[in-house]
Amino acid sequence: MNRSLPLIILAMAILAFATTLLVIVPKFQIGHEPAPAGLHPYTAQQQRGRDQYVALGCVYCHSQQPRTPDQAPDAERGWGRASVAADYAYDSPHLMGTMRTGPDLMNVGARLPSMGWQLSHLYQPRAISPWSIMPSYPFLFEVKDKAAPGDTVVWLPAKSAPPGKVVVAKPEAIDLAAYLIALDRTYPVPSTAIRDDGYAKHGAGR
Amino acid sequence: MSDDRRPVDERFEPYEPRRRVPLPVYWIAIALAIWGTLTLWRDAHAGFIAGRQRGDEAAADTRRAAAPGADLFLARCSSCHQPDGSGIAGAVPPLAGSPLVKADPSVVVRILLRGIDGPITVAGQHFDGHMPSFASVLDDDQLARIATYVRARFGDNASAVSPSDVAAARAWAAGHPGPWRGGDEIRAALMPLLEPQPAYVASLIAAPDPSILALVQHGTGGGWSCASCHGDLGEGHGDAPRIAGLSSPYLLAQLRAFAGGARTSDAMAPVATSLADAQKIALASYYSQLATPSASVPALQGALDRGEALALDGDSAKGIPACFSCHGSSGFGVAPAFPPIAAQQPAYTAGRLAGFARQAKQGSHALMPSVAARLDDADRRAIADYLATLPPVPTGTAPPAEQH
Amino acid sequence: MLTLGLFVVISFVVSLAALAALIWAISSDQFSFSQRQARIIFEPDEEGQLDDPTISPRNGRSTHGNIEPTKFDLLRSSIDASTARPVSVLIGSAVLWLVIGSAFGLIASLKLHLPDWLDTQAWLTFGRVRTLHLTLVIYGWLSMAGIGIAMWVTPRIFQAPLQSPTLAIWGTIFWNIGLVAGVIAIACGWSDGEEWLEIPWQIDGLLAIGGALCAVPLIRTAFTRNVEHIYVSGWYYLAALCWFPALFVIANIPGIFVGAEQATVNWWFAHNVLGLWLTPLGLGAAYYFIPKIIGKPVYSYALSLLGFWALALFYSQVGIHHLIGGPVPTWVVTLSIVQSVMMFVPVIAVAINQHVVVARNMWAFRASIPLRFISLGAIMYTAASFEGSLEALRSVNTVTHFTQFTVGHAHLGAYGFTSFVFFGCLYYMLPRITGRDWPLPSLIAAHFWLVVGGFSIYFVALTIGGWLQGEAMLDATRPFSASVILLKPFLEGRSVGGALMTLGHLLFAANVIAMFARGRHPASAEGSVA
């Protein structure tokens, strides 16, 4: 421990070893998986919505990785089957998230496919769920006296609607809602699919 | 702090020339290494089990998705049209020898997509047509397979139908909502050479008010529509339940409960509150008459044999009565108090059972809460997945009234 | 799958073999290592005296605001003079980012229980404010303060003046420009979208250049040192300065990884930022300042060797425990879990070394606020690491994953450990750098008690609240809303704690500003000429 160079070389070698295990081998293993037939690349509109999701930081409160029934009741909550690596084949940046301040959104499109619901909820989550702590996103909407032709008017319960005005969704809001509705990974996956199976139990399942 | 209590000389500390690593550090390292090895073994084993489990599920999914036309026909069509395509005299038209089957492929496909609601004459026999639409429950590929099978077997080896044919028909059907209005409309639109058809009578099933259809498709004030969550035909998605074919009094009671707060749902409460009572009545009536094929498939990794046992026989050891003892044989429901549970979306069933269990914890002694309190997580998933495999309440059949 | 199972076994066996070899080497004295070398941080006769410039033991508090240089300070004056300017720039920037970063943290915390507050501007939405907080405190405050402290300590332990200090100043400038650009980009919604890596990769180059310009002087100093032995702090610093650039550059290369692969890279990086960057910076500082202030060497120098190499070996492989139960291969997750638990080995080694010397000299702990900060920080390193190892267990992780418990844990590491250590270091260093007493000494104790009290509230609230939140989410019979509703009072408690911490930072910043405003004492400026 009296020489700098060997110290630096050994330290970097250890990091290289870790990088091989944690990054390079998984990349080859995961990259080898074909995208499932039921999964489609994002359309231009969905991709714009996904960019909004990234820019607004939705990922800091919403995960996109349901767990297996052996571990947690995610499926019973309607969040869908446990996700596998191939489900994310078109995702960059990945948006798996690490927090569930709000519910998992991996299959929100299957669970809440209503564009109208999504827009109302983005404008004011507490109009729908009074207990919600999700931010409201009024800057994705316009409050007008009267809707112009072609405007997407957002329906709101009377207590949350601005009196005498209409709320109209900006294109950003519609893109974001289109992305959310596209989040539907309920197609079947092959038995070789990759995920963390460390919670599997004897005799559970079928 | 500023007063100086610093010992003047603390230098006489007996340092060893070389202090060894304390022995407990070694013991801890060895114990951790042993634990690590055990963990690796255990997780490798778990991975093996999960892989096998997923294999079984994938096989079932593949069977469902890639079923050849014959299997799809058996599952979806044969209970009415009969396995040999002969139909049921006076109730269901035959497929064998039907001119509709032999005609242009688009005819079969368009009927599958829209369904029929109106009188029809096939091979000289008159029928009250009530065929559900399969548009939202089968994909293009599956519809193409069914159509091909039906045409090949019952239409004198008529030509095959491709998924792109179905896609084209689907695009057309989007502009023609609702079922075919009996043979009359089919003849007028598709087959002018078809034998004369009886006139369409609107009153077979009370045709819904256009304003109710608008509500179903577009909601109030352009907001959330029923169809946007429950599907075009009320077949349900995820934890939005299947509502097609549930009894009208049951549906109405739920809508009123959502509005009044007796039943809680963040998504339903604002909707139910905004509906007038007349609209609630009309909607309940509309959905109770919808004959929609099942779109539910097991999705919760439930043990289907356990689910079947609970549904048919219950579990006397745990004090769980059979589901079907109240909800009717086959889970078709007993009006008005016991809704149909067959073909329900599994995430909804499981979530609803969990909700009842919560009510029991909160002190409810009502029937469902006390039953649900005895179900554990695996049981809820088993029942929900099993019910999802069952066929829905049959077309045009009202659930039998409760016997007293 | 068999071959991949083999992989994990091999990697675990390799790690264990390396650990065994290390222990063997230490116990059979292969490194010819002795307790004598632990004393390299002292000048002859310096050992055994409390060394704390925030109190002036010789003549009470001096009235004219200048510290009396001891004869040991004079011995080091040319070394300290070589680092004064770059370290001042680094610390000045770090404290600025600390204040701004904590303000954003407080806003984010408030927004979680006041969701309709400040909701009209996109840049003030929770997702951006929270990210601004993380970016500012990690890449602004912690990284720059850590580099600054390393830059001050390294020449001292090598007993050689800092080489090319101008490069370090340029490095700081580049780093600051990169940080400001990154923060503006995130506020405008331009983000790479992965946690800890939000700064757009197009801007990351500035940070990489800045970091490299700061690292070069330190590595050059290591090669021109005037002592044979490299003190333990030096190992941590040298390794960290090589690890971080490699991590940062690899993780930010765009277009190679997608989907689930990207998630493994993301967490490999994010955890290594803690394990191989902030932790070595904090531990290196603690290893220097704890014995230095007390005037006693660490308990067992041989243990520090075990602590260092075991940290490198195990900490580098723990990142995927952030994806337990997720869509990545079982074997990677299991590997990270096992290595997380193996982290007990280096943590215990460091804990024995640092806590025993403090425990035997509690008089110093009571007398010196810098030591109190640093030693409390070291205790929280032990606590955070133990908690982290337990959190990686599958049974515990099922509850804590996706909850505020994790946020509490992250702050125990990044705040309780590194920030506390750095506060103490800066209280010790700035009088030496400027030659002046702290201008507002009463604020030092106020700062200490505010952040200790605030952080206790913060941590307890999130730990309990997070655990309850996790249990609610695991119970299917409770709706998701139950987990949100029960959390609200704990989030409010967190805001109270966060507000106290932020207030403490303001007092600290006021002291630092007042100190720099008076300029450097002429005597120490002369020292730089000497």
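Translational diffusion of chain C was estimated from the Stokes-Einstein equation, with Rh taken as the Kirkwood radius over Cα pairs; at 37 °C and 0.692 mPa s the coefficient is 138 µm²/s.
Looking at the protein assembly as shown, the DSSP beta bridges with both ends there are about 85 percent antiparallel. A straight line joining the Cα centroids of the range B:338-357 and the range B:22-54 runs 40 Å.
At q = 0.12, 0.20, 0.22 Å⁻¹ the log10 of I(q)/I(0) for the range B:304-388 amounts to -0.29, -0.87, -1.07, computed by Debye summation with a single uniform scatterer per C-alpha, solvent ignored. For residue B:239, what charge total do you get from the other residues with a beta carbon under 10 Å from its beta carbon, if Lys and Arg give +1 and Asp and Glu give -1? In short, +2.
Once both labels are positioned 7 Å from their Cα atoms along Cα-to-Cβ, the gap between residue A:142 and residue B:171 label points is 3.2 nm. A simple spin-label model places pseudo-atoms 7 Å from Cα toward Cβ; at residue C:228 and residue B:71 they are separated by 7.8 nm.
Counting only other chain Cβ atoms within 10 Å of each residue's Cβ, the peptide C:355-365 averages 1.
Here the range B:49-121 is assigned +1 on the Cβ of each Lys and Arg and -1 on the Cβ of each Asp and Glu. Its dipole about the Cα centre then comes out at about 120 debye.
Near residue A:59: Cβ cut-off under 15 Å, other residues only, Lys/Arg at +1 and Asp/Glu at -1. The net charge is -3. Inter-label distance, residue A:201 to residue B:38: 2.0 nm, where each label sits 7 Å from its Cα along the C-beta direction. Using the Cα coordinates of the range C:407-530, the gyration tensor eigenvalues translate into equivalent-ellipsoid semi-axes of 43, 13, 9 Å, sorted from longest to shortest. Shown for B:365, A:40: other C-beta atoms within 10 Å of each C-beta, ranked fewest to most, produce the order B:365, A:40. Among the listed pairs B:280/B:361; A:146/C:111; A:27/A:201; C:71/C:292, which are separated by more than 20 Å between their Cα atoms? Pairs exceeding 20 Å: B:280/B:361; A:146/C:111; A:27/A:201.
What angle do you read, to the nearest 10 degrees and between 0 and 90, between the alpha-carbon axis of helix C:126-135 and the longest principal axis of chain C? Helix C:126-135 sits roughly 30 degrees off the main axis of chain C. Global size of the range B:210-289: 11.2, 30 Å for Rg and Dmax (C-alpha atoms, Rg to one decimal, Dmax whole).
All other residues whose Cβ lies under 13 angstrom from that of residue C:284 are scored, Lys and Arg at +1 and Asp and Glu at -1, for a net of +2.
Panel values: the range A:57-191, Kirkwood radius from alpha carbon pairs, Stokes-Einstein at 10 °C and 1.306 mPa s, translational diffusion coefficient 98 µm²/s. Counting only residues at least eight positions apart within a chain, or on another chain, the aspartates and glutamates with an alpha carbon under 13 Å from that of residue C:296 are B:9, B:10, B:13, C:43, C:45, C:46, C:47, C:51. Entry note, chain A: relative contact order of 26 percent, from Cα contacts under 8 Å with a spacing of 6+ residues. Sorted ascending by nearby beta carbons within 10 Å, beginning with the fewest, B:137, B:166, A:143, C:137 become A:143, B:137, C:137, B:166. For chain C, the relative contact order comes to 19 percent (Cα pairs under 8 Å, sequence separation of at least 6). In degrees between 0 and 90, to the nearest 10, how far off the longest principal axis of chain C does helix C:301-315 point, with axes built from Cα atoms? Relative to chain C, helix C:301-315 is tipped by roughly 30 degrees. Specify the angular offset, from 0 to 90 degrees and rounded to the nearest 10, of the alpha carbon long axis of helix A:44-56 from the longest principal axis of the alpha carbons in chain A. Taking the Cα atoms of chain A, the angle to A:44-56 is about 80 degrees. Take the Cβ atoms of residue B:337 and residue B:164, set R0 to 60 Å, and the FRET efficiency comes out at 0.80.
Kirkwood hydrodynamic radius computed over the protein assembly as shown comes to 32.8 Å, based on all pairs of distinct alpha carbons. Each part gets one Cα centre, and for the range C:361-439 versus the range A:95-122 those centres are 37 Å apart.
Values quoted throughout were computed directly from the atomic coordinates according to the rules given, and no laboratory measurement underlies them. Just so you know, these numbers come straight off a predicted model, no measurement behind them. Methodologically, a virtual Cβ is constructed for each residue, glycine included, from the backbone with ideal geometry; neighbour enumeration extends over all protein chains shown.
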